[in-house]
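**Q** Take this structure, written in structure tokens, and hold onto it; I'll ask about it next.
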There are 2 protein chains.
Amino acid sequence: MRYELYYWPTIQGRGEFIRLALEEAAADYIDVVRQPESEGGGVSAMFDFLTGDDIEHPPFAPPILKAGKRVIAQTSVILMFLGARHKLAPTGDNGREWTHQLQLTTDDFLVEAHDVHHPLAKSFYYEDQRDEALRRTENFKSERLPKFLGYMERVLSQNPSSRKHLVGGRLTYVDLSLFQIIEGLRYAFPNTMTRVEPNYPLTLALHARVAERPRIRAYTESEQRIPFNTHGIFRYYEELDD
Amino acid sequence: MRYELYYWPTIQGRGEFIRLALEEAAADYIDVVRQPESEGGGVSAMFDFLTGDDIEHPPFAPPILKAGKRVIAQTSVILMFLGARHKLAPTGDNGREWTHQLQLTTDDFLVEAHDVHHPLAKSFYYEDQRDEALRRTENFKSERLPKFLGYMERVLSQNPSSRKHLVGGRLTYVDLSLFQIIEGLRYAFPNTMTRVEPNYPLTLALHARVAERPRIRAYTESEQRIPFNTHGIFRYYEELDD
């Protein structure tokens, strides 16, 4: 069975967490919206899920994964599903839920990383909320970023099995997700990250190890990896990174 | 086994979604932080989980549920756990994940309902971000609220088993959560809700049926139910509800 991923075609966004898990698992998948319209691709393929009235489990928003007849949305639910099928999560209830819990905390942080540049509304231009973005970013850098990275560092340091992974003694999808968060933060806040990274040695070591995994490295160095840009969740604006 | 719930003692907040599920299940639980310090209660009992270095699965934030030796955080993970144990969710993987997916969408909406009054930072006073709150609220009422309630209405109308429940043919925890969202919206935006409620008849009918369930009614009419107030997630400010 070939998985079908539906996500915005020009940004990494939330879809990237799914892509990283699929790539690490060497799973057979197609990034549908990035295919030509003539071959069933394009955004209309995605909108059919968002508006169709004959879908058993209608999604609220992308990313959406189609696995056979199943249609699954919400990044963390898709990852829980893939984690179980591709050995990217523990098999017991306890470990499976803990991995998922960490992913949800990552998802929460992602909303905050987005809202620094869009504190008032997704649908307003950045330029129309720049002053507010400056105020929110200041708080993000002084309080929220250290709180989140400090938490992940704490989880790594307290993992009884290994300080090299967030959960247990081997790679899970939430290790990949933390890698991606660091990638995004480095793009959006290069100066800030240069300053604060030494505070989180276990987190950064995890990032470096994930970056060197053969399949992840092959993927991130390929044309398939959409470059970060100022349409995505993580955005670089010089004035927000002092 | 008696469950232990740890949450802020003076607001409904995210803890209320857990309380409603526990009440509907008639589960044995104690709301620990609301007990006297002399009996092991108070916020220090909660902070021990947030700062302790000997916790296998350290929580990032409350609500936290202790179930025997297990410590679980993230509202939706706690509900998934309780749903499986108290027949408040389907038993199969597919239905269980779908219920959880809807809960996550509810959680996402809750963040937006909070950020209308705190668009710049949780740690700034409302009075210092009132102008920004006005702008964000306008967008929330015109775009986000209709998008979320319209989605839930769509899920109800497309449920092949019953238009009386979000999932399958019987009550799940996400029905309780949607009830709570309507409760919060009616408190925070009474005029707005009076205007828009006729657009969501299935959602409002579900709210009314949940309100009349004997255990929910006994709970919401009791002293145990903390009244909504301007410290919680849903807040009433006259200027935000025109």
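The numbers here are math on the coordinates, done by the rules we state, and not lab data. Not measured: the values here are computed from a predicted model. Positions of Cβ are generated from backbone atoms using ideal geometry, with glycine treated the same way; all protein chains shown enter the neighbour counts.
**Q** Net charge within 12 Å of B:T220 by Cβ-Cβ distance, Lys/Arg positive one each and Asp/Glu negative one each, not counting B:T220 itself?
**A** Once all neighbours under 12 Å are counted, the net charge is -2.
**Q** Give me A:L110, A:L50, B:L82 ranked fewest to most by other Cβ atoms within 10 Å of their Cβ, as a rough exposure proxy.
**A** Sorted ascending by nearby Cβ count, the order is A:L50, A:L110, B:L82.
**Q** Would you work out if the stretch B:28-137 is rounded, prolate or oblate? Take a ≥ b ≥ c from the square roots of the eigenvalues of the alpha-carbon gyration tensor; rounded if a/c is under 1.5, else prolate when a/b is larger than b/c, oblate otherwise.
**A** Taking the square roots of the gyration eigenvalues as a ≥ b ≥ c, the stretch B:28-137 is oblate.
**Q** What FRET efficiency comes out for B:E127 versus B:N191 if R0 is 22 angstrom and r is the Cβ-Cβ distance? Round to the nearest 0.05.
**A** The formula returns an efficiency of 0.50 here.
**Q** Mind telling me which of A:A121, A:A45, A:A73 comes out most flexible in a GNM of chain A, alpha-carbon contacts under 10 Å?
**A** Ranking A:A121, A:A45, A:A73 by mean-square fluctuation puts A:A121 first.
**Q** By the scheme Lys and Arg +1, Asp and Glu -1, what is the net charge of all other residues having a beta-carbon under 14 Å from that of A:G150?
**A** 0
**Q** Taking 7 Å along the Cα-to-C-beta vector as the label spot, tell me the A:T230-B:T91 distance in nanometres, rounded to one decimal.
**A** 5.6 nm
**Q** What is the spin-label model distance, in nm, from B:D53 to B:A84 if the labels are put 7 Å beyond Cα along the C-beta direction?
**A** Rounded to a tenth, the inter-label distance reads 3.2 nm.
**Q** Starting from the alpha-carbon convex hull of chain B, give the projected area averaged over all orientations, in nm².
**A** 13.6 nm²
**Q** Counting each pair of different Cα atoms once, what's the Kirkwood radius of the stretch A:93-213 in Å, rounded to one decimal?
**A** About 15.2 Å, per the Kirkwood formula over Cα pairs.
**Q** Apply the a/c threshold of 1.5 to the C-alpha gyration tensor of the stretch B:3-85 and tell me whether it is rounded, prolate or oblate.
**A** oblate
**Q** Please state the shape class of the protein assembly as shown: rounded when a/c is under 1.5, otherwise prolate if a/b exceeds b/c and oblate if not, all from the C-alpha gyration tensor.
**A** Rounded, because the longest to shortest axis ratio a/c is under 1.5.
**Q** Below 8 Å, C-alpha to C-alpha, sequence gap of six or more: please give me the relative contact order for chain B in percent. Provide the component values of the computation, followed by the final result.
**A** Details: 323 pairs, mean separation 51.0, N = 242.
Result for chain B is 21 percent.
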